[in-house]
Amino acid sequence: IQLTQSPPSLSASVGDTVTITCRASQDITTYLAWYQQKPGNAPRLLMYGASTLKSGVPSRFSGSGSGADFTLTIRNLQPADFGTYYCQQVNNYPYTFGGGTKVEIK
Amino acid sequence: EVRLVESGGAVVQTGGSLRLSCAASGFSFGEHNMNWVRLIPGKGLEWVALINWDGDSAYYAESVRGRFTISRDNNVNSLYLQMDSLRTEDSALYYCVKGGGYFALDVWGQGTTVAVSS
């Protein structure tokens with residue numbers, strides 16, 4: 001299953017709302033997770049089951065979608081939100097990641 | 001504290017072999033699926049392999065199937081990745097990752113670096 005993320009990169013200001021999309025090449029129901037990775041750090045799980053926020057992740061992060069189209073939204077963007085965001089499908093083996101979206105804070 | 005510590009990364013020549021290890025602590029290791037994921041410089045994350053909680057089933061990315069073998073020893077809370085017939089494109093930072101709810105990867109180690117040179 002291929003996952004296509006868009007955009008590949010974006011630049012936004014503190015306080016903005018940003019949206020990252022992830023499209024699967026086939027139906028993955030809601031078996032989709034989102035991760036954030038900062039340079040030099042391991043990835044961090046943000047969301048699983050497409051829309052369930054992991055404990056401890058700020059509520060300004062939200063996820064939606066089912067089937068083949070998914071969205072990660074970050075409201076009130078903060079300086080700590082920079083990094084690369086990846087979606088991952090866990091519906092079928094082999095698991096696959098999207099190509100990533102690099103978020104830069106203006 | 002839930003912790004995963006990888007080791008075994010090295011510089012190796014193409015065609016060579018390497019065995020990565022991951023020591024787990026702070027959770028019931030034998031109750032969780034475990035994964036290896038790699039970060040390829042300039043390319044992003046690639047899921048490599050999964051082994052289920054009791055070691056009975058294993059799944060692999062197409063790029064490593066037949067060359068890599070994932071295994072675990074629940075008696076010593078350890079995960080392994082045997083890497084054979086290494087290629088330059090296997091050069092990456094390899095993460096040991098715990099499987100969590102809804103099969104998401106919820107705890108990550110800090111990674112160990114594998115460099116394959118020709």
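For residues in the range B:82-98 being buried (at least 20 other Cβ atoms within 10 Å of the Cβ) and either touching a residue at least 60 places away in the same chain (Cβ under 8 Å) or in contact with a Ser or Thr (Cβ under 7 Å, 6 or more places away or on another chain) (or both), which is nearest to the other protein chains (Cβ to nearest Cβ)?
Pass one, the range B:82-98, residues buried (at least 20 other Cβ atoms within 10 Å of the Cβ): B:83, B:86, B:90, B:92, B:94-98.
Add one more test, that the residue is either touching a residue at least 60 places away in the same chain (Cβ under 8 Å) or in contact with a Ser or Thr (Cβ under 7 Å, 6 or more places away or on another chain) (or both), and what stays is B:83, B:86, B:94-98.
Numbers: B:83: 17, B:86: 19, B:94: 11, B:95: 6, B:96: 10, B:97: 8, B:98: 10 Å.
My answer is B:95.
Condition check ((1) touching a Pro at 6+ places or on another chain (Cβ under 9 Å); (2) open to solvent by 60 Å² or more (accessible area, probe 1.4 Å)) across all residues:
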position	(1), (2)
A:22	no, no
A:34	no, no
A:75	no, yes
A:96	no, no
A:100	yes, no
A:106	no, yes
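Against the test of being in a strand (DSSP E or B) and either open to solvent by less than 20 Å² (accessible area, probe 1.4 Å) or over 27 Å from residue B:101 (Cβ atoms) (or both), the options B:20, B:39 yield a single qualifying residue, B:20.
Taking the residues in the range A:23-60 that are more than 14 Å from chain B (Cβ to nearest Cβ) and closer than 28 Å to residue B:42 by Cβ as candidates, determine which candidate is nearest to the chain's Cα centre (by Cα).
First pass over the range A:23-60, keeping only residues more than 14 Å from chain B (Cβ to nearest Cβ): A:23-27, A:58-60.
From the residues that got through so far, the ones that are closer than 28 Å to residue B:42 by Cβ too are A:23-26.
Details: A:23: 11, A:24: 13, A:25: 17, A:26: 18 Å.
Ranking the qualifying residues of the range A:23-60, first place goes to A:23.
Only a single item in (1) more than 10 Å from chain A (Cβ to nearest Cβ); (2) surrounded by 14 or more Cβ atoms within 10 Å (Cβ to Cβ); (3) in contact (Cβ under 8 Å) with a residue 60 or more places away in the chain is not met by residue B:52, and it is number (3).
The values are calculated or read from the model by the stated rules, or taken from the named source; none is laboratory data. This structure is a prediction, so every number in the text was calculated from the model and none was measured. Because the Cβ atoms are built from the backbone with ideal geometry, glycine has one as well, and the counts that use them run over all protein chains shown. The protein model used for the area step is the full one, side chains on, heavy atoms only, and it has no ligands, DNA or RNA in it. Shrake-Rupley method; radii C 1.70, N 1.55, O 1.52, S 1.80 Å.
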